[in-house]
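Working notes for the structure below.
Please treat every number below as a calculation from the coordinates, not as lab data. Just so it is clear, the model here is predicted, and its values are computed rather than measured. Neighbour counts are summed over all protein chains in view; Cβ atoms, including those assigned to glycine, are modelled from backbone coordinates with ideal geometry.
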Amino acid sequence: DTGVSQNPRHKITKRGQNVTFRCDPISEHNRLYWYRQTLGQGPEFLTYFQNEAQLEKSRLLSDRFSAERPKGSFSTLEIQRTEQGDSAMYLCASSLAGLAGALGQYFGPGTRLTVT
Amino acid sequence: AQTVTQSQPEMSVQEAETVTLSCTYDTSESDYYLFWYKQPPSRQMILVIRQEAYKQQNATENRFSVNFQKAAKSFSLKISDSQLGDAAMYFCAYRSRTSGTYKYIFGTGTRLKVLA
């Protein structure tokens, strides 16, 4: 296992289109996080899963965003009816649960979304 | 709600010198984790160092060490013998240990430039 992977790495879409991103976490990690990062800012929490359960979702996340983690393995993040303000880097991270969670998260390379 | 503040948008250091990056946070909790993450240009974020709030001893990892002042809610990162490869964005992050939420809260980052 070589770490957290995300696909695609870059996505250009037109306003109003739907997009879906995929994240494959480190195989033994049961927590998976999604973040949004804009230029010059820190990662902004969107949502996280423990196994297949979505435990928390940011109040800032509009109804156009949805995430899934079927079977507690990979996760997808879908944005419907994209807007120019959705342009950002979308980061995925995974971690172990329990005391091992104190070891921190491991991040993927991100998916850069550009909405034209 | 917890917040993390990094008041230095940018710092510079001469190669082989020492630099300290500042981070303050606000929380009403007594048990939590603090992290420093490094994000090199166009590369993925990696964990630099972590600190558990119940431990008084400051964490160290090779050339990286922290100054954790719990009462002052301060968590600074010291980089000794700075190297060109240390140039990156550095983010401070907080995670609760007891509130039942496992989300991470990040600061806005400090861009570190290393001068040859």
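Farthest towards the positive end of the charge dipole of region B:3-116, among the residues B:Ile46, B:Thr5, B:Ser96, is the Cα of B:Ser96, using unit charges on the Cβ of Lys, Arg, Asp and Glu. What lysines could a cross-link reach from B:Lys38, if we take a straight Cα to Cα line under 17 Å and drop same-chain neighbours fewer than 8 places away? Counting by Cα, and skipping residues close in sequence, B:Lys38 has these lysines nearby: B:Lys78, B:Lys113. Kindly state, to the nearest 0.05, the FRET efficiency for A:Gln17 paired with A:Asn51, given R0 = 25 Å and r defined as their beta-carbon distance. Here the calculated transfer efficiency is 0.20. A convex hull fitted around the alpha carbon atoms of the protein assembly as shown yields 124 Å³ per residue.
Only lysines eight or more places from B:Lys73 in sequence, or on another chain, were considered; those with a Cα closer than 17 Å are B:Lys55.
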